[in-house]
1. Looking at 43, 47, 79, can you tell me which residue is within 26 Å of residue 134 (Cβ to Cβ), surrounded by fewer than 18 Cβ atoms within 10 Å (Cβ to Cβ), at pLDDT below 90 and more than 13 Å from the chain's Cα centre (by Cα)?
2. Quick check: anything in segment 99-118 modelled with pLDDT of 95 or more, under 16 Å from the mean Cα position of the chain (by Cα) and not in a strand (DSSP E or B)?
3. Could you tell me whether segment 166-183 includes any residue that is part of a strand (DSSP E or B), touching a strand residue (DSSP E or B) at 6+ places or on another chain (Cβ under 8 Å), at pLDDT below 95 and crowded, with 19+ Cβ neighbours inside 10 Å?
4. Within segment 119-128, can you find the residues that are in contact with a strand residue (DSSP E or B) (Cβ under 8 Å, 6 or more places away or on another chain), part of a strand (DSSP E or B) and surrounded by fewer than 20 Cβ atoms within 10 Å (Cβ to Cβ)?
5. Condition first: touching a helix residue (DSSP H, G or I) at 6+ places or on another chain (Cβ under 6 Å) and assigned to a loop (DSSP other than H, G, I, E, B). Can you find one or more residues in segment 130-142 that meet it?
């Protein structure tokens, strides 16, 4: 487990995501959730070699994670990565699972316990846990309030637009889904 510097977790901390025009097609970007950094009228760089210029979008990730009350909410998905917000109720867990993709979990509020393979330990706001693909893991909320986090999957794990209000809703959706498998 690595610790992030405190400056990375202040409410104004941002996460940067590069998108192509294809990634944006058919998305419903919420006003204020993501904003372009490029100035109006800017042109693609000469190094784009005829490809569409990547659009740069930024979100205040800690603020977004703190505002999220859903068990799982997909925030943004590209071809190679995905950002998902999670809020785990006291006494709940994410469920012991293993993905075929790498996963990084960053905790912004609350306290809990991680179990990754045979390793176990306490975690709190400011901690980061990196889980390699195909490694069984679980996160348990041992605190009095919600355990809030954002997680990055590479490549994406959930369909774009995924929203599970509760853990039960997430489990029901996964039981009937043919998306990338969770190995419970």
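The values are calculated or read from the model by the stated rules, or taken from the named source; none is laboratory data. Quantities reported herein were computed from a predicted structural model and do not represent experimental measurements. Neighbour counts run over all protein chains shown; Cβ positions are idealised from the backbone, glycine included.
1. Result of the check over 43, 47, 79: 79.
2. No, that holds for no residue.
3. Within segment 166-183, not a single residue is part of a strand (DSSP E or B), touching a strand residue (DSSP E or B) at 6+ places or on another chain (Cβ under 8 Å), at pLDDT below 95 and crowded, with 19+ Cβ neighbours inside 10 Å.
4. Selection gives 120, 121, 122, 124, 128.
5. No, segment 130-142 contains no residue that is touching a helix residue (DSSP H, G or I) at 6+ places or on another chain (Cβ under 6 Å) and assigned to a loop (DSSP other than H, G, I, E, B).
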